[in-house]
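Here is the structure we will look at.
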Amino acid sequence: KVIIETCLLTDEEKEKACRCAMAAGADFVKTSTGFSTGGATEHDVALMRSVVGDKLGVKASGGVRTPEDAEKFIAAGATRLGTSNGVKLLG
């Protein structure tokens, strides 16, 4: 996996990071470590998905707190979710 701290980067930098991750043979890219100023956004997940296509997974991490959050990130292209609210998400 390659963690891209999306809240600190421009869209162009995020795209370049995704391309580098693909070239390096990563299995998936992740939106954040959870230790910076922001977590996943729908925009970032969709942007990452548009760059990596179906070649890599995309993990939305940070900000996945409710079932509705999970649904919106999956709809945006996430194949994995990082959350500390797993039990709450499953009901």
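Per-structure values
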read-out: The one condition in (1) outside any helix (DSSP H, G or I); (2) at negative phi; (3) out of contact with any helix residue (DSSP H, G or I) (no Cβ under 8 Å at 6 or more places or on another chain) that GLY34 fails to fulfil; value: (2)
read-out: Test result for GLU15, assigned to a helix (DSSP H, G or I) and either over 17 Å from LYS1 (Cα atoms) or of a type in the set (S, T, N, Q) (or both); value: no
read-out: Residue list for the range 41-91, filter: assigned to a loop (DSSP other than H, G, I, E, B), of a type in the set (D, E, K, R) and modelled with pLDDT under 95; value: ARG65
read-out: Filter pass, ALA26 being out of contact with any Cys (no Cβ under 8 Å at 6 or more places or on another chain) and either among the charged types (D, E, K, R) or in a helix (DSSP H, G or I) (or both); value: no
read-out: Identity of the residue in the range 1-32, touching a strand residue (DSSP E or B) at 6+ places or on another chain (Cβ under 7 Å) and within 18 Å of ASP69 (Cα to Cα), that ends up surrounded by the most Cβ atoms within 10 Å (Cβ to Cβ); value: THR31
read-out: Subset of the range 43-63 [of a type in the set (Lys, Arg) and more than 19 Å from LEU89 (Cα to Cα)]; value: ARG49, LYS55
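The values are calculated or read from the model by the stated rules, or taken from the named source; none is laboratory data. Here the structure is a predicted model, which is why all the values come from computation and not from measurement. Note that each Cβ is placed from the backbone with ideal geometry, even for glycine, and that neighbours are counted across all protein chains shown.
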